[in-house]
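Colleague: This is the structure I want to talk about, given as structure tokens.
The values are calculated or read from the model by the stated rules, or taken from the named source; none is laboratory data. Predicted model, so just to flag it, every value in this text is computed and none were measured. For neighbour counting, all protein chains shown are included, and Cβ atoms are generated from backbone atoms with ideal geometry for every residue, glycine included.
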There are 2 protein chains.
Amino acid sequence: MNVTIKDVAKRANVAPSTVSRVIADNPRISKETKERVWKAMEELGYYPNAIARSLASKVTNTLGLIMPRSTEEAFSNPFFPEVMRGISVVAHREKYDLLLSTSGNQEEEKEAVINMVKGKRVDGIILLSSRTTDELIPWLRDEKFPFVVIGKPLDAKGVYWVDNDNIGASKLATNYLIKHGHREIAFISGSLEYVVSLDRLDGYKLALEENGIPFKRELVEQDEFSEDGGYRAMMRILEREKPTAVVVTDDVMAFGVIRAAIDKGYRVPEDISIVGFNNIPLSAFANPPLTTIDISTFDLGIKSAELLIARLKQKDVDTDHIIVPVKLVERKSCVAR
Amino acid sequence: MNVTIKDVAKRANVAPSTVSRVIADNPRISKETKERVWKAMEELGYYPNAIARSLASKVTNTLGLIMPRSTEEAFSNPFFPEVMRGISVVAHREKYDLLLSTSGNQEEEKEAVINMVKGKRVDGIILLSSRTTDELIPWLRDEKFPFVVIGKPLDAKGVYWVDNDNIGASKLATNYLIKHGHREIAFISGSLEYVVSLDRLDGYKLALEENGIPFKRELVEQDEFSEDGGYRAMMRILEREKPTAVVVTDDVMAFGVIRAAIDKGYRVPEDISIVGFNNIPLSAFANPPLTTIDISTFDLGIKSAELLIARLKQKDVDTDHIIVPVKLVERKSCVAR
DNA sequence: AGAAGAAATGCAATCGGTTTCATTTTAAAG
DNA sequence: CTTTAAAATGAAACCGATTGCATTTCTTCT
């Protein structure tokens, strides 16, 4: 069998508990003993069993990552790899590993979280996006399990979260179009079951209101977070309206929106201007290059991991949320009228 | 404290071992007892502790994913999220979770693997790319630990791997350019410490040879797998040569190559034709849309996970490797001369 | 030299399960 | 109504660590 702490103990002529303390570099063990034990570990090629250690110490040094919906779907949108990139940087720095649950739908997602939490497999959890109907958030809060949500939850009481100022960001995008002389501005977002969609819709409405432009329900559509989703939503709008500009809350969707506009015989940006969200790498290379709101996806990852780990280390952290700034990246998908 | 198997046992008036058997749905337990135990579990809100279970059973239902170099870097190239997407589909189907180690360099990578393997944290490992100088592969093989490599290892003896026919793929790309009348064809790849770069270089040479075109060392460059890397490599070539076409073994690098060509006053594709590799989403939208070799990245993920899990389930699998087919996607970055 | 306190180490319980083997219960057979 | 085998359950060891508390050893002081 494998070499265990006991084998090392025997070889070094000490008790297993002593070996354990040597591993932890406990100051109550004398220099000499430590050296003897280290030598024994070296000679036997000992390596601690992380599972056993976790069981005894109740610490896993692992962060759980929960993706929205199916893991498969999530990986299709560049947003998630990018936020994971941020998370991984911090996780690495702080010596945490990442456990990805692979769920297929909302029910499995719940199951996955329960498995992580009750199964004691992780020290904390990052939810990669917050849904309005999320049962996970209240559940985790009630369990008093450390977690951080990317995206402000509907009910943020007692939960730690990291997000952009989505209302402000959406106002920024809409105002940009208004300043360029647009008044018939459509708004396309992902499902309204995501808080982020709701917030951005609010920002859009606010911008209109502040500029005395009446809100028209017919100019608003939702669909899934994909190129096709954007295409379908835009098609529906173009069936009934003639917007001169559109705010799309996701760059991937924006590509679909552009495609729909072109299929309907419009030119972008000459006939219809477009502002996207997220500033994914593709956006700079799109045709036309997409004007978009850069939400600092990478930082969203960084901050959420930092917040979670801070919470893990000291029971109480001064802030319960972090707002990551956004900025508008001007490219070629908008035109003044 | 938490509800354990013992609490359930007490409540159901059975021994802990019986409860354990009920969880495993062992047929040697009577229907009535099972029902009594289930009821007790339900009433107490029992959930098995995965860590304890792993410790005893030596099974984790987790797959380890090892990214090349820094995890951060890996997430920047769309290749990796896409292969992970494939892996996650299979993992989900087979009820495995994914453990991502977060390493920063080659040394830490080794450390991470040792931690996973010796720490007994995973049942098997997928290496997301194989380096020529990889110590990991021989080490894992010697440990007799189940693992699969994406990318054919230099020494494939006794290791399971999934890859494209990279030599063939590279021949395909090069021949395509040759058929379009090009003879001064440059070749840009990532570092030659990756087997994939080596193989593709071989394919390139082979294609030249078969068409009686002399190989010129000056037309070949390597750099890191990034846009900048491609830019630098192309710049170096353009300092000394005047190729009419170039094969670039990574789409992200190809964008840099295009940028370099344009900076040097060439037009793409009119002056210089480009063929990329990987067919990442961005490629279709690039300017010009990139002609590229589609290596079925998603399938690479699917197949590697399937191969690993097959190996986990039955000690011996009939094949030790899988070749995923490639195809050339013709777009607008090449022109005949 | 003996007592007291500090330093170093060991003992044994514990974490929460699984699994082998023994024991009890039940059913079938003689 | 035994005998015997099969079925169901329990007892206890084990997986590989950690940790509270007890014990031994070493200093230091009187």
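Colleague: Restricting to the stretch A:52-64, count the residues that are more than 9 Å from chain B (Cβ to nearest Cβ) and assigned to a helix (DSSP H, G or I).
Modeller: The qualifying residues number 2.
Colleague: Moving on to the next point. Kindly check whether there is at least one residue in the stretch A:226-248 that is under 31 Å from the mean Cα position of the chain (by Cα), surrounded by fewer than 24 Cβ atoms within 10 Å (Cβ to Cβ) and not in a helix (DSSP H, G or I).
Modeller: Yes: one or more hits.
Colleague: How many residues does the stretch A:40-51 hold that are more than 14 Å from chain B (Cβ to nearest Cβ) and not acidic (Asp, Glu)?
Modeller: The total comes to 1.
Colleague: Here is a list of conditions, (1) within 12 Å of chain B (Cβ to nearest Cβ); (2) more than 30 Å from A:Thr133 (Cα to Cα); (3) among the hydrophobic types (A, V, I, L, M, F, W, C); (4) crowded, with 22+ Cβ neighbours inside 10 Å, and A:Val37 meets all of them except one; can you say which number that is?
Modeller: Evaluating A:Val37 over (1) within 12 Å of chain B (Cβ to nearest Cβ); (2) more than 30 Å from A:Thr133 (Cα to Cα); (3) among the hydrophobic types (A, V, I, L, M, F, W, C); (4) crowded, with 22+ Cβ neighbours inside 10 Å leaves (1) as the failure.
Colleague: Would you be able to say whether some residue in the stretch A:151-163 is closer than 29 Å to B:Ala112 by Cα and either in a strand (DSSP E or B) or not small (Gly, Ala, Ser) (or both)?
Modeller: Yes, the stretch A:151-163 has at least one match.
Colleague: I'm trying to understand the selection: among the residues of the stretch B:261-285, which are part of a helix (DSSP H, G or I), aliphatic (A, V, I, L, M) and within 14 Å of another protein chain (Cβ to nearest Cβ)?
Modeller: Hits for the stretch B:261-285 are B:Ile262, B:Leu282, B:Ala284.
Colleague: Then there's this: Do we have A:Ala173 as assigned to a helix (DSSP H, G or I), away from every other protein chain (no Cβ under 14 Å) and either buried (at least 22 other Cβ atoms within 10 Å of the Cβ) or not aromatic (Phe, Trp, Tyr) (or both) here?
Modeller: So A:Ala173 fits the description; yes.
Colleague: Quick one: would you say A:Ala305 is within 24 Å of A:Gly151 (Cβ to Cβ), assigned to a helix (DSSP H, G or I) and at pLDDT 95 or above?
Modeller: yes
Colleague: From the set of residues in the stretch A:257-287 that are among the small types (Gly, Ala, Ser) and in contact with a Ser or Thr (Cβ under 7 Å, 6 or more places away or on another chain), which is surrounded by the most Cβ atoms within 10 Å (Cβ to Cβ)?
Modeller: By that ranking, first place goes to A:Gly276.
Colleague: Within the stretch A:308-326, is even one residue farther than 23 Å from A:Asp199 by Cβ, at pLDDT 95 or above and in a loop (DSSP other than H, G, I, E, B)?
Modeller: Checked against the condition, which is being farther than 23 Å from A:Asp199 by Cβ, at pLDDT 95 or above and in a loop (DSSP other than H, G, I, E, B), the stretch A:308-326 yields no hits at all.
Colleague: Read through the list (1) surrounded by fewer than 23 Cβ atoms within 10 Å (Cβ to Cβ); (2) of a type in the set (Gly, Ala, Ser); (3) assigned to a helix (DSSP H, G or I), then give the number of the only condition that A:Ala254 fails.
Modeller: A:Ala254 satisfies every listed condition except (1).
Colleague: If you don't mind, another one. Specify the residue that is farthest from the other protein chains (Cβ to nearest Cβ); the eligible residues are those in the stretch A:120-131 that are out of contact with any helix residue (DSSP H, G or I) (no Cβ under 6 Å at 6 or more places or on another chain) and modelled with pLDDT of 90 or more.
Modeller: Ranking the qualifying residues of the stretch A:120-131, first place goes to A:Leu127.
Colleague: What residue, among those in the stretch A:41-92 that are β-branched (Val, Ile, Thr) and away from DNA strand C (no atom under 16 Å from the Cβ), is surrounded by the most Cβ atoms within 10 Å (Cβ to Cβ)?
Modeller: A:Ile87
Colleague: If you don't mind, there's one more thing I want to ask. Test A:Val3 against the criterion of being out of contact with any Ser or Thr (no Cβ under 8 Å at 6 or more places or on another chain), in a loop (DSSP other than H, G, I, E, B) and modelled with pLDDT under 95, and give yes or no.
Modeller: In short, yes.
Colleague: Please give the number of the condition A:Gln106 fails out of (1) more than 12 Å from DNA strand D (Cβ to nearest atom); (2) among the polar types (S, T, N, Q); (3) touching a residue at least 40 places away in the same chain (Cβ under 8 Å).
Modeller: Of (1) more than 12 Å from DNA strand D (Cβ to nearest atom); (2) among the polar types (S, T, N, Q); (3) touching a residue at least 40 places away in the same chain (Cβ under 8 Å), only one is false for A:Gln106: (3).
Colleague: Moving to a separate point now. Looking at the stretch B:5-28, is at least one residue more than 9 Å from chain A (Cβ to nearest Cβ) and in contact with a strand residue (DSSP E or B) (Cβ under 9 Å, 6 or more places away or on another chain)?
Modeller: no
Colleague: State all residues of the stretch B:69-93 that are under 13 Å from the mean Cα position of the chain (by Cα) and farther than 20 Å from B:Asp123 by Cα; if no residue qualifies, say none.
Modeller: Hits for the stretch B:69-93 are B:Arg69, B:Thr71, B:Ala74, B:Phe75, B:Asn77, B:Pro78, B:Phe79, B:Phe80, B:Pro81, B:Glu82.
Colleague: Which is touching an Asp or Glu at 6+ places or on another chain (Cβ under 6 Å) and outside the structural domain of B:Glu227 (by TED's automatic domain parsing), of B:Ile280, B:Ile309, B:Ile302?
Modeller: B:Ile309
Colleague: Follow-up question, since we're still on this one. May I ask you to list pairs of residues, at least six apart or on different chains, whose Cβ atoms are under 9 Å apart, with the first in the stretch B:37-57 being not assigned by TED's automatic domain parsing to the domain that holds B:Asp123 and the second being among the aromatic types (Phe, Trp, Tyr) and away from DNA strand D (no atom under 13 Å from the Cβ)?
Modeller: Pairs that qualify, where the first residue is not assigned by TED's automatic domain parsing to the domain that holds B:Asp123 and the partner is among the aromatic types (Phe, Trp, Tyr) and away from DNA strand D (no atom under 13 Å from the Cβ), are B:Ala40/B:Tyr46; B:Met41/B:Tyr47.
Colleague: Looking only at the stretch A:11-36, how many residues end up being part of a helix (DSSP H, G or I), in contact (Cβ under 8 Å) with a residue 12 or more places away in the chain and near DNA strand C (Cβ under 9 Å from one of its atoms)?
Modeller: Residues flagged as part of a helix (DSSP H, G or I), in contact (Cβ under 8 Å) with a residue 12 or more places away in the chain and near DNA strand C (Cβ under 9 Å from one of its atoms) within the stretch A:11-36 amount to 8.
Colleague: OK, next. Out of the residues in the stretch A:177-196 meeting the condition of being over 27 Å from A:Pro68 (Cβ atoms) and in contact with a strand residue (DSSP E or B) (Cβ under 6 Å, 6 or more places away or on another chain), tell me which one is surrounded by the most Cβ atoms within 10 Å (Cβ to Cβ).
Modeller: Out of the qualifying residues, it is A:Leu177.
Colleague: I've got another one for you. I need the helices (runs of 4 or more DSSP H) fully contained in the stretch B:65-119, keeping only those with at least 3 residues that are more than 7 Å from chain A (Cβ to nearest Cβ).
Modeller: Per the criteria, B:79-93, B:106-118.
Colleague: Another question, then. Inspect all residues belonging to the stretch A:209-223 and state whether any of them is touching a helix residue (DSSP H, G or I) at 6+ places or on another chain (Cβ under 7 Å), in a strand (DSSP E or B) and touching a residue at least 40 places away in the same chain (Cβ under 8 Å).
Modeller: Taking every residue of the stretch A:209-223 in turn, none turns out to be touching a helix residue (DSSP H, G or I) at 6+ places or on another chain (Cβ under 7 Å), in a strand (DSSP E or B) and touching a residue at least 40 places away in the same chain (Cβ under 8 Å).
Colleague: Something else about it: Can you name the residue in the stretch A:8-28 that is more than 6 Å from DNA strand D (Cβ to nearest atom) and crowded, with 18+ Cβ neighbours inside 10 Å and is also nearest to the chain's Cα centre (by Cα) among such residues?
Modeller: For the stretch A:8-28, the residue satisfying everything is A:Val22.
Colleague: Next question, about the same structure. Quick one: which of A:Asp199, A:Asp134 is assigned to a helix (DSSP H, G or I), within 18 Å of the chain's Cα centre (by Cα) and either surrounded by 23 or more Cβ atoms within 10 Å (Cβ to Cβ) or not assigned by TED's automatic domain parsing to the domain that holds A:Lys110 (or both)?
Modeller: None of the other options fit; the residue is A:Asp199.
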